[in-house]
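Colleague: There's a structure below that I have some questions on.
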Amino acid sequence: MDRESSGADISINLPNSLTIFRILLVPVFVGLLLYEHFDTALLTLLIAALTDILDGMIARMTDQRTRLGEYLDPLADKLLLMSAIITLSVLHFIPIWAVIVVVSRDAILLTGTLVANLTDINIDISPTILGKSTTFAQICYVIATLLSVTGRMSLALVEPFLLVMVALTVGSGVHYLLRGFQYLNGSHTKTDLEGPQP
């Protein structure tokens, strides 16, 4: 790769700037939760979710997709969601078993990615449709939990969000593992769950 193309891959364009802004919102969001400013925390989360929508939309519409963005965008999502789920669990708003499911899935996937990078195994890091659905379900569950905490939603209505989130988290984790094993065996074939190639 020449320097010009490498520089283009790491350029801080508008979509990447929005992603970085989302990362910077993480400590603000956690602080608001810990100090029980739940209404402001909910607003901060909604702003972060909006930047997630905008950065992907702008990157596609203006053809500003970069290699840096491919790594930063899922990292920002993970940081925000993991921080939210763990903090809300510490505050006793999310059951600990749900946190274990989410953390375990992400830890396994992170370990697999690190092993692949260390051994120079070429594995596609692009998110699948199932993976994107899991991220969407997780953020919907966190939003529903905050709506319940602020008295805007009944606690009974949050339960379905939890069940869907856990089911998708487990399902996507299994799917990513199977895809990883297929790459290791050299037998990977693209499925409908993976969506179009980026």
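Just so it is clear, none of the values below were taken in a lab; they were calculated from the coordinates. Because the structure is predicted, anything quoted here is derived from the model rather than measured. As a convention, Cβ positions derive from the backbone with ideal geometry for all residues, glycine included, and neighbour counts pool all protein chains shown.
Colleague: Can you compute the modelled spin-label distance between residue 50 and residue 75, with each label point 7 Å from Cα toward Cβ, in nm?
Modeller: 2.6
Colleague: So, in nm, how far is label residue 82 from label residue 154 when the simple model puts each one 7 Å beyond its Cα toward the Cβ?
Modeller: Taking the simple label geometry, residue 82 and residue 154 are separated by 3.6 nm.
Colleague: Just how many % of Cα pairs in the range 32-101 lie over 15 Å apart, if you round to the nearest whole percent?
Modeller: Tail of the P(r) past 15 Å holds 62 percent of the pairs.
Colleague: To continue, here is another question. Got a sec to turn the phi values of the range 95-104 into Karplus ³J(HN,Hα) couplings, 6.51 cos²θ - 1.76 cosθ + 1.60 with θ = phi - 60°, whole Hz, x for Gly and Pro?
Modeller: x, 4, 5, 5, 5, 4, 4, 5, 5, 4
Colleague: Determine the gain in length on full extension of the stretch residue 91-residue 129; use 0.36 nm per residue of separation and subtract their C-alpha separation, reporting nm with one decimal. Please report the intermediate quantities before stating the final value.
Modeller: Working: separation 38, 0.36 × 38 = 13.68 nm, distance 3.14 nm.
Going from the current span to full extension adds 10.5 nm.
Colleague: In the neighborhood of residue 87, defined by Cβ-to-Cβ distances under 15 Å, what is the net charge if each Lys or Arg adds +1 and each Asp or Glu adds -1?
Modeller: Around residue 87, the surrounding residues sum to 0.
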